[in-house]
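**Q** Right, I'll just put the structure down here and ask away after.
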Amino acid sequence: ASPHAVSPWCPHVAECGACSWQHFSLEAAREWKQKHLRETFARIGKVENPEVFPLVASPNEREYRNKMSFAFAPELAETMGMTDMANPANPAKPLLGLRKFKERTVVEVRHCGLQPAPVMDILAHTRLAAHRLGLEAWHGSGAGYLRFLVVHSPDYAPDGKRQVLVECITSGNHQQRTSRDESQPGRSNADKVRALGEELMERFALTGFIHSERKNSADLAQGERLVFQAGSNEYQ
C-alpha cells in the first residue's frame, strides 16, 4: 500500500464506480489533482511550465456535492426468475443507484457521503414508488422508460428552507402502459411519472420536479425535451 493510503469510508466503495479516490488521503489527492492539471496543460495545451494557483479546498470533506446523477437499470432476469425482461405486462423491477466500476449495471446505493442525507431518502422513496407504479427501467435498446434521476441540492436555504430540485429523465415511450400498477392499472408511463413527481413534491417539499425526455441513446443524464414540471425549475 502507498504511504498515502487511507481506509475508505463508504460501504459501497468496493463495487460502486462513483468515487475512485477514497483510498487516497485528502492531502495527497489535492497534490495529485494539481499535478494532473499541469500535465494536462502541457500535454494537450502544449503550455510549458504552466502557472497553476494553489488548490482551494472545500471546507467540507463530506456532503459537498450539490448535484448527483443516478441511473436506472432493470433488475437482472436471473434474479427475477424471468426470461423476458421486456415484457410490458410484467416489467422488471427498476434498480436505482450508481454505476458499478467499468460496468453498465447499477449499485443500489443506500448511503452516499457526497450528498446530504435527504437525497438518499428521495432515492429510497423513488425506488419503492417506481416499482409500485409499474414503471420499467430503460434497457438501452429502445425498450423501457426510466433512465436517470438527477438531484440538485445546493447548500442554500433562503428563509431556512433548503432548495431541492429533482429531474426524472425517461425515454420517449410515454404512452406505453403496463399492468403492474397497484394504485391504478393501465395508466400510461407519463401519467405514472407525474404521479411520482407529485408524491415527491408533497413528501419532501421539493423546490421543483421535472420530467424530461431523452431519446438519444448516449448514456448522458441530460434531458432533451420537457414533458412535465411541478413547482420551479430554478432556485429561489
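The values are calculated or read from the model by the stated rules, or taken from the named source; none is laboratory data. Note that this is a predicted model, so its numbers are computed, not measured. Here the Cβ positions follow ideal geometry from the backbone for every residue, glycine too, while neighbour counts run over all protein chains shown. Note: areas computed on protein heavy atoms with side chains; ligands, DNA, RNA excluded. Shrake-Rupley method; radii C 1.70, N 1.55, O 1.52, S 1.80 Å.
**Q** Among residues belonging to region 45-59 that are aliphatic (A, V, I, L, M) and within 30 Å of residue 152 (Cβ to Cβ), point out the one that is surrounded by the fewest Cβ atoms within 10 Å (Cβ to Cβ).
**A** Checking each candidate, the answer is 56.
**Q** List pairs: first in region 59-75 and within 30 Å of residue 134 (Cβ to Cβ), second among the polar types (S, T, N, Q) and surrounded by 19 or more Cβ atoms within 10 Å (Cβ to Cβ), Cβ under 7 Å, 6+ apart or cross-chain?
**A** 68/115
**Q** A further question on this structure: Has region 60-68 got at least one residue that is over 28 Å from residue 234 (Cα atoms), surrounded by 13 or more Cβ atoms within 10 Å (Cβ to Cβ) and either at pLDDT 70 or above or touching a Leu at 6+ places or on another chain (Cβ under 8 Å) (or both)?
**A** no
**Q** For region 1-28, how many residues meet the condition of being of a type in the set (A, V, I, L, M, F, W, C) and free of Cβ contacts under 8 Å to residues at least 12 places away in the same chain?
**A** Number satisfying all stated conditions: 4.
**Q** Next up: Just to be sure before I move on: is residue 190 of a type outside the set (Asp, Glu), modelled with pLDDT of 95 or more and more than 25 Å from residue 120 (Cβ to Cβ) in the structure I sent? Walk me through how you get there before you give the answer.
**A** Details: of a type outside the set (Asp, Glu): yes; modelled with pLDDT of 95 or more: yes; more than 25 Å from residue 120 (Cβ to Cβ): yes.
Considered against the rule, which asks whether it is of a type outside the set (Asp, Glu), modelled with pLDDT of 95 or more and more than 25 Å from residue 120 (Cβ to Cβ), residue 190 comes out as yes.
**Q** Output the residues belonging to region 94-122 that are in contact (Cβ under 8 Å) with a residue 60 or more places away in the chain, open to solvent by less than 20 Å² (accessible area, probe 1.4 Å) and of a type in the set (A, V, I, L, M, F, W, C).
**A** Those that are in contact (Cβ under 8 Å) with a residue 60 or more places away in the chain, open to solvent by less than 20 Å² (accessible area, probe 1.4 Å) and of a type in the set (A, V, I, L, M, F, W, C): 98, 107, 109, 112, 114, 122.
**Q** Which of the residues spanning region 132-166 are more than 17 Å from the chain's Cα centre (by Cα) and more than 22 Å from residue 218 (Cα to Cα)?
**A** 132, 133, 134, 155, 156, 157, 158, 159, 160, 161, 162, 163
**Q** All but one of (1) modelled with pLDDT of 85 or more; (2) open to solvent by less than 80 Å² (accessible area, probe 1.4 Å) hold for residue 77; state the number of the condition that does not hold.
**A** The number of the failed condition is (1).
**Q** Shifting gears a bit: Counting only residues that are at pLDDT 90 or above and not aliphatic (A, V, I, L, M), which one in region 113-130 is nearest to residue 191 (Cα to Cα)? Can you show your working first?
**A** Pass one, region 113-130, residues at pLDDT 90 or above: 119-130.
Next, only the ones that are not aliphatic (A, V, I, L, M) stay: 121, 125-127.
Values: 121: 23, 125: 18, 126: 15, 127: 17 Å.
So the residue we want is 126.
**Q** Among the residues of region 83-94, is any at pLDDT 90 or above and in contact with an Asp or Glu (Cβ under 9 Å, 6 or more places away or on another chain)?
**A** Yes, the conditions are met somewhere in region 83-94.
**Q** Additional query: Given the residues 178, 170, which is the only one that is closer than 18 Å to residue 71 by Cβ and either crowded, with 18+ Cβ neighbours inside 10 Å or of a type in the set (Phe, Trp, Tyr) (or both)?
**A** Going through 178, 170 in turn, the sole match is 170.
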